[in-house]
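Participant: Can you read through this structure? Questions will come right after.
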Amino acid sequence: MEILLGEPFHLPRVGEDVFRKLMRDVRLEYDRQKRVFRTTPQTDLYQLATLLSQTLKEPIVYAVKCFICGSNAGCSACEYSSICDRLLVSQNCICKGCLSKEDAYALYCMRVAEASI
Amino acid sequence: MYAERFRPKNPSMMVGNEESRIGFLNWLKNWKKGSKPALLVGPPGTGKTTLVYAAAETLGFVVLEFNASDVRTKERLSSALLPSTHSVSVLGERLLVFLDEVDGLYARQDYGGLEFIQTFIEESNLPVVLAANVEDDERIRKLLPKCEIFAFKRVPPRLIYLYLQNLVKKEGLRITQETLRRLVEKAGGDMRAALNSLQAVLASPSSEVVEVTRDKMVSLRDALNTLFNSNDRDEARRALEACDTDIVEKIRTIFSSLVNSKLDSQTLLRALEALSAADELAARIKRTQEWRQLRYFHSMLAYLIFDSTPRGVVRFSQDVYPWSVQLRIWNDARVLRSIGRKLGNLLHTSSTEALVVYLPYLARLLSLLDKVEVQRILRGFTYDESELRVLNKEMSRFSK
């Protein structure tokens with residue numbers, strides 16, 4: 001299962017105990033109306049991966065999204081994938097397409113400014 | 001220094017940790033008297049200090065910065081901070097109190113400092129921002145419920161590249177793309193290290209990329225997660241070395257992680273034996289104060305635990321006892337308090353005194369009597385079923 005950090009994702013019913021752990025220990029965010037989970041900067045990604053892989057019996061892979069265009073940043077093809085631990089870095093990155101743009105840094109700053117309004 | 005010269009003046013000009021940056025900016029924008037103070041937690045070089053200054057400048061605050069690891073005794077802290085609690089502005093500008101490296105304060109065992117900060121943040125008329133490198137320290141955890149937490153993580157390499165690339169272009173610096181890429185790789189998510197390395201590379205005739213890092217610290221949680229999950233023994237050792245938590249606390253947390261994880265009894269036994277060997281060395285280091293042996297301690301601890309536990313099974317936990325045992329202790333403590341209250345009423349004393357002074361005598365006396373007689377006496381105390389169960393447990397300690 002791939003989880004895009006900071007983006008909503010669905011989970012099958014995991015049981016009361018696991019759900020409580022996800023909320024209390026892992027510090028995952030849950031939207032009761034939309035019934036979706038979301039990681040935040042406070043989420044313990046190690047625990048989340050361990051707990052979900054044990055519960056769902058499948059490996060958990062994290063991906064980060066491009067802060068400029070919102071798409072998957074493409075970690076598997078990233079030139080820094082061997083040195084970038086996705087459990088330790090912040091939730092957004094930049095995709096190759098946006099990075100190659102002439103004004104990539106200005107676009108990035110603009111997106112942050114827009115998001116903080 | 002490049003790290004100072006090219007420090008962003010606006011929060012939107014920084015890179016990485018977008019959600020925490022935006023959250024902190026909104027916290028400061030909406031701050032009013034009575035709001036919780038902000039606690040920025042994350043490794044060095046992730047932008048905590050830069051954000052405080054950039055946000056303050058953007059929103060018109062003047063920062064009063066105190067480095068908690070410099071001004072760390074209660075007396076010095078109070079003389080530095082108390083005058084500011086009653087001030088609101090300087091020449092019409094609003095003030096913001098920034099206490100950097102609060103974990104440095106606690107690591108040095110400065111008694112009274114923590115209590116002072118706890119009181120200070122509750123009474124201050126000004127927005128207070130605290131910054132720390134690690135969250136897992138027991139003393140920092142005391143501050144967590146009182147603060148609005150903004151977690152900072154390492155900056156993704158591509159974003160460091162983006163920032164440096166823009167800087168190189170803007171300043172007209174002469175550096176090859178390959179060197180820039182190697183520089184990003186060496187930075188390890190630390191923006192300050194990347195900027196300092198860039199400066200070092202530009203100053204060096206060989207353009208050799210050297211690792212320029214400040215005290216790169218790893219939280220206890222990250223260090224132990226690496227120890228339990230990594231497939232590389234040396235990586236596990238390096239993670240333990242990079243974590244500056246007290247060695248006894250490391251042993252204690254590894255112990256609680258082991259006993260709370262689902263390990264079969266043989267594996268658990270092997271792991272606990274390994275841990276006890278490291279514990280002996282830790283005790284010797286503490287006793288003899290031979291801190292040079294610390295490097296052997298970390299190697300020993302990392303390699304022994306690495307070799308005795310399966311990868312990815314042990315889960316970080318700071319609960320000393322498994323939850324079921326904790327629950328039992330908690331329940332018994334609750335019942336004991338109630339026993340103390342009833343006994344205290346009867347003896348016209350406080351419940352604490354009744355528990356500490358009189359209950360052991362009562363339990364000893366009752367342990368000498370036969371069961372029927374004991375039940376008759378205890379009914380006279382109006383103890384209920386759960387209280388009788390706990391009292392019987394106390395009595396059984398003496399009858400053994």
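Participant: Hey, B:TYR383 hits all of (1) open to solvent by less than 40 Å² (accessible area, probe 1.4 Å); (2) in a helix (DSSP H, G or I); (3) over 30 Å from A:THR50 (Cβ atoms); (4) among the aromatic types (Phe, Trp, Tyr) but one; which does it fall short on?
Facilitator: With (1) open to solvent by less than 40 Å² (accessible area, probe 1.4 Å); (2) in a helix (DSSP H, G or I); (3) over 30 Å from A:THR50 (Cβ atoms); (4) among the aromatic types (Phe, Trp, Tyr) applied to B:TYR383, the lone miss is (2).
Participant: With touching a Lys or Arg at 6+ places or on another chain (Cβ under 9 Å) and open to solvent by 40 Å² or more (accessible area, probe 1.4 Å) as the only criterion, which of B:LYS142, B:LYS146 stands out?
Facilitator: Just a single option satisfies the conditions, and that option is B:LYS146.
Participant: Does at least one position in region B:249-264 carry a residue that is more than 23 Å from B:ASP222 (Cα to Cα) and of a type in the set (Val, Ile, Thr)?
Facilitator: No: region B:249-264 contains no residue that is more than 23 Å from B:ASP222 (Cα to Cα) and of a type in the set (Val, Ile, Thr).
Participant: With respect to A:VAL64, determine if the residue is facing chain B (nearest Cβ under 10 Å), in contact with a Pro (Cβ under 7 Å, 6 or more places away or on another chain) and not acidic (Asp, Glu).
Facilitator: Judged against the criteria, A:VAL64 is a match.
Participant: Which of the residues that make up region A:62-102 are free of Cβ contacts under 8 Å to residues at least 40 places away in the same chain, outside any loop (DSSP other than H, G, I, E, B) and not basic (Lys, Arg)?
Facilitator: A:CYS66, A:CYS75, A:SER76, A:ALA77, A:VAL89, A:CYS93, A:GLY97, A:CYS98, A:LEU99
Participant: For region B:2-22, does any single residue satisfy the condition of being open to solvent by 30 Å² or more (accessible area, probe 1.4 Å), facing chain A (nearest Cβ under 9 Å) and either over 14 Å from A:ALA113 (Cβ atoms) or among the basic types (Lys, Arg) (or both)?
Facilitator: yes
To keep it simple, each residue is scored yes or no on (1) touching a residue at least 40 places away in the same chain (Cβ under 8 Å); (2) surrounded by fewer than 17 Cβ atoms within 10 Å (Cβ to Cβ); (3) assigned to a helix (DSSP H, G or I).
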position: B:ALA236; (1), (2), (3): yes, no, yes
position: B:ASP244; (1), (2), (3): yes, no, no
position: B:GLU249; (1), (2), (3): yes, yes, yes
position: B:ILE254; (1), (2), (3): yes, no, yes
position: B:VAL259; (1), (2), (3): yes, no, yes
position: B:GLN266; (1), (2), (3): no, yes, yes
position: B:LEU269; (1), (2), (3): no, yes, yes
position: B:GLU273; (1), (2), (3): no, yes, yes
position: B:SER276; (1), (2), (3): no, yes, yes
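Participant: So, one more: Give the residue, chosen from B:VAL374, B:VAL335, that is in a helix (DSSP H, G or I), in contact (Cβ under 8 Å) with a residue 40 or more places away in the chain and surrounded by 13 or more Cβ atoms within 10 Å (Cβ to Cβ). Spell out the reasoning first.
Facilitator: Details: B:VAL374 fails: in contact (Cβ under 8 Å) with a residue 40 or more places away in the chain.
Only one candidate passes the filter, namely B:VAL335.
Participant: Also: Being of a type in the set (Val, Ile, Thr), over 13 Å from the mean Cα position of the chain (by Cα) and not in a loop (DSSP other than H, G, I, E, B), is that true of even one residue in region A:17-24?
Facilitator: For region A:17-24, residues of a type in the set (Val, Ile, Thr), over 13 Å from the mean Cα position of the chain (by Cα) and not in a loop (DSSP other than H, G, I, E, B): present.
Participant: Please find, within region B:25-70, the residue that is modelled with the highest pLDDT out of those that are of a type in the set (D, E, K, R) and more than 20 Å from A:ALA115 (Cβ to Cβ).
Facilitator: Among residues in region B:25-70 that are of a type in the set (D, E, K, R) and more than 20 Å from A:ALA115 (Cβ to Cβ), the one modelled with the highest pLDDT is B:LYS36.
Participant: Assuming B:PRO157 fulfils every condition listed in (1) away from chain A (no Cβ under 13 Å); (2) of a type outside the set (S, T, N, Q); (3) more than 20 Å from B:PHE120 (Cα to Cα); (4) crowded, with 20+ Cβ neighbours inside 10 Å apart from one, which condition is it?
Facilitator: Unmet condition: (1).
Participant: When you scan region A:52-61, do you find a residue that is in a loop (DSSP other than H, G, I, E, B), open to solvent by less than 40 Å² (accessible area, probe 1.4 Å) and either closer than 18 Å to B:ARG154 by Cα or at the interface with chain B (Cβ under 10 Å from one of its Cβ atoms) (or both), even just one?
Facilitator: no
Participant: Let me ask something additional. Can B:LYS342 be described as surrounded by 11 or more Cβ atoms within 10 Å (Cβ to Cβ), at pLDDT below 85 and assigned to a helix (DSSP H, G or I)?
Facilitator: Criteria not met by B:LYS342.
Participant: Quick one: is A:GLU79 charged (D, E, K, R) and at the interface with chain B (Cβ under 9 Å from one of its Cβ atoms)?
Facilitator: Answer is yes for this residue.
Participant: Give B:VAL209, B:VAL218 a once-over and let me know the one that is farther than 26 Å from A:TYR46 by Cα and at pLDDT below 80.
Facilitator: Working: B:VAL218 fails: farther than 26 Å from A:TYR46 by Cα.
Within the list B:VAL209, B:VAL218, the selection yields B:VAL209.
Participant: Among the listed residues B:LEU173, B:LEU144, which satisfies the condition of being modelled with pLDDT under 90 and in a loop (DSSP other than H, G, I, E, B)?
Facilitator: B:LEU173
Participant: Loosely packed, with under 14 Cβ neighbours inside 10 Å, more than 10 Å from chain B (Cβ to nearest Cβ) and among the hydroxyl-bearing types (Ser, Thr, Tyr): does that describe A:SER71?
Facilitator: The answer is yes for A:SER71.
Participant: Evaluate the following for B:ARG141: is it more than 21 Å from B:ASN17 (Cβ to Cβ) and within 31 Å of the chain's Cα centre (by Cα)?
Facilitator: yes
Participant: Same structure, new question: So in region A:30-51, with the set limited to residues that are open to solvent by 50 Å² or more (accessible area, probe 1.4 Å) and within 12 Å of the chain's Cα centre (by Cα), which one is farthest from the other protein chains (Cβ to nearest Cβ)? Write out each step before concluding.
Facilitator: To start, the set of residues in region A:30-51 that are open to solvent by 50 Å² or more (accessible area, probe 1.4 Å) comprises A:30-35, A:38, A:42.
Imposing the further condition that a residue be within 12 Å of the chain's Cα centre (by Cα) reduces the set to A:38, A:42.
Numbers: A:ARG38: 11, A:GLN42: 5 Å.
Residue satisfying both the conditions and the ranking: A:ARG38.
The values are calculated or read from the model by the stated rules, or taken from the named source; none is laboratory data. Everything numeric here is computed off the predicted structure, so don't read it as measured data. With ideal geometry, Cβ positions are generated from the backbone for all residues, glycine too; neighbour counts draw on all protein chains shown. The area values use the complete protein model at the heavy-atom level, side chains included, leaving out ligands, DNA and RNA. Shrake-Rupley method; radii C 1.70, N 1.55, O 1.52, S 1.80 Å.
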